[in-house]
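Some notes on the structure that comes next.
The values are calculated or read from the model by the stated rules, or taken from the named source; none is laboratory data. Since we're looking at a predicted model, the values are computed, not measured. Neighbour counts run over all protein chains shown; Cβ positions are idealised from the backbone, glycine included. Side chains included, ligands, DNA and RNA excluded: accessible areas come from the protein's heavy atoms. Shrake-Rupley method; radii C 1.70, N 1.55, O 1.52, S 1.80 Å.
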Amino acid sequence: EFVGTAPDANVKWVNGNNTGMDITNWSVGMGNASYSGQWDVAEVRTGRNGLGTVWVIAAGNASDGNTALLTTTKNPTTITVASVDNATGELAGFSSHGQAVWVAHPGWGGTSHAAPAVAGQVALMLEANPGLGVRDVKNILAMSATYYTTATPLNSFELNHARHLNGAGMHFSNELGFGVS
């Protein structure tokens, strides 16, 4: 037996059938051909009695550029998680990044460690308020994310061309999404 971020959550191992899940966590290699076809967008709309199944997906461990824009991770219904170095808050050297990244989290062994931690945070949110929808969860993660004040990650956060924060009034980074959760 083990205890994780959300000790009252029930964990179930599934392989392809996610019907009835509140939260799913996908941490598989991006080269896996079945990755983009295993999840069902309808569950995001209809899961949890219409509130939506929350999909947390590891960004991947391909540090060769803007690689977190693959078929599944770029879907706007997912929460794509990159990995940061715990000491500095900088994007981990192995972590994929790109516009699809929603948040980042320390992932000592890769994004497959970072994504389940965020899924645990989501489980705590839904435990506290089971009435949260997918958009609510994504907004809470975005609004509660932070960034470390070291030079490199701080410089990766951008303003829009009008020299303001983005349309939501928030900083955003192509490396860390809305920041570290």
Self-check item: Answer residue from the range 103-133, given it is open to solvent by 50 Å² or more (accessible area, probe 1.4 Å) and of a type in the set (A, V, I, L, M, F, W, C) and is farthest from THR46 (Cα to Cα) among those
Solution: TRP108
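Which of the residues that make up the range 107-147 are outside any helix (DSSP H, G or I) and either at pLDDT 90 or above or on the phi > 0 side of the Ramachandran plot (or both)?
GLY110, ASN129, PRO130, GLY131, LEU132, GLY133
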Self-check item: Residue, most open to solvent (accessible area, probe 1.4 Å), within the range 81-102, restricted to residues that are touching a Gly at 6+ places or on another chain (Cβ under 6 Å) and assigned to a strand (DSSP E or B)
Solution: TRP102
Quiz item: Quick one: in the range 58-80, which of the residues that are at pLDDT below 75 and of a type in the set (Gly, Ala, Ser) is least open to solvent (accessible area, probe 1.4 Å)?
Solution: ALA68
